[in-house]
1. Tabulate in residue order the Karplus-calculated ³J(HN,Hα) for region 300-313, using 6.51 cos²θ - 1.76 cosθ + 1.60 with θ = phi - 60°, rounded to whole Hz; enter x for Gly and Pro.
2. Cβ neighbours within 10 Å, averaged per peptide: list 226-239, 182-195 in order, most packed at the top.
3. Against the longest principal axis of the chain, how steep is helix 137-151, in degrees 0 to 90 to the nearest 10, with axes from Cα atoms?
4. Tabulate in residue order the Karplus-calculated ³J(HN,Hα) for region 185-198, using 6.51 cos²θ - 1.76 cosθ + 1.60 with θ = phi - 60°, rounded to whole Hz; enter x for Gly and Pro.
5. Putting +1 on Lys and Arg Cβ atoms and -1 on Asp and Glu Cβ atoms, find which of LEU177, ALA196, ALA160 reaches farthest to the positive end of the dipole of region 159-207.
6. When only Cα pairs under 8 Å and 6 or more residues apart are kept, what is the percent relative contact order across the chain?
7. Would you check the chain for Lys pairs whose C-alpha atoms are within less than 18 Å, ignoring same-chain pairs closer than 8 in sequence, and give me the count?
8. What value, in deg cm²/dmol to 500, does the helix sum -39500 (n - 2.57) over DSSP H runs of n ≥ 4 give at 222 nm once divided by the residues of the chain?
Amino acid sequence: MTFRARHLLGIEHLAPLEITTVLDLADRYVDLNRRTVKQSDVLAGMTQINMFFENSTRTQASFELAGKRLGADVMNMAVAQSSVKKGETLIDTALTLNAMHPDLLVVRHPSSGAVNLLASKVNCAVLNAGDGRHEHPTQALLDALTIRRAKGRIQRLTVAICGDIAHSRVARSNLILLGKMENRIRLIGPPTLMPAGIGEFGVEVYDDMRKGLEGADVVMMLRLQKERMDGGFIPSEREYYHRYGLDAEKLAHAKADAIVMHPGPMNRGVEIDGDLADDINRSVIQDQVEMGVAVRMACMDLLARNLRLERGRKIVGTMV
Ligand code: NCD
């Protein structure tokens, strides 16, 4: 097994072989999760702390379930009731928790780069559950697993990522992952929601959905991240849906067997038609949620193995 990372901060630092290692192991956890008895002891005796400084449904729930199914002691820090509200800095909070000897720290934060900074201050494994508009590595990995299971491969596919690219860490992590695995990537959305200089990334950029979807194998929709906008990015939601919202008519321009993805939370009638999102013949949105738990189990399992190795070496080192 090839997975050398000490933390999971972004896809940027992963080699294609490490990505495949996560996906292969996650496939095995999908099988475990479908059993009635889902328990494993891979993280037995270890402590996992989840720190979410931004709202989350899927990501927090699946990290919690993943840790519990692997036998870890899982604590969710209630940020809203914590000393963060009294002005304690992120680093002070992290150092306080670090002193309680967690083994895995799962962090979501609104500032890009905050999780990397935190990882440099603690001596446990840190998993980035989304930092600002920077990275969301477990989302890209679960998307990759969903695609690989639906299409039979994660290479040589045409993937259209549509909507609010500029504010999306999901888009950024997916771009990096899909690029590393040699796929053809198209970004579709209004020019106001495209990151500056995106042309240099080796992707094709469209502002017309029908043209951009032509021949796509995978159609990935994104939410308008209004919390990261300061107004004026789109004329109105109605107009946006008309031009960029995915419905059956626009999807007909993609390949006949194209799959529809969305990381959630979805805004029905804004970026996607509700009936299409629920159409189990086209939409793999619920599969993404299922893969999310398995991928997070795989990531924590691999990081815990590296942590044990590292600590083992240290103990041997001091004894000699
Ligand atoms: C995404 C996120 O938080 O970046 N959601 C998720 O993790 N499933 C996307 C979003 O908030 O739109």
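1. Result, ordered by residue: 5, 4, 5, 5, 5, 4, 5, 5, 4, 4, 4, 5, x, 4 Hz.
2. 182-195, 226-239
3. 60 degrees
4. Along region 185-198, the couplings run 10, 10, 10, 10, x, x, x, 5, 10, 9, x, 4, x, 5 Hz.
5. Of the options given, the answer is LEU177.
6. 20 percent
7. 5
8. About -12500 deg cm²/dmol.
Each reported figure results from applying straightforward, stated rules to the coordinates on display, with no laboratory input. Computed from a prediction, not measured in an experiment: that's the story for all the values here. Because the Cβ atoms are built from the backbone with ideal geometry, glycine has one as well, and the counts that use them run over all protein chains shown.
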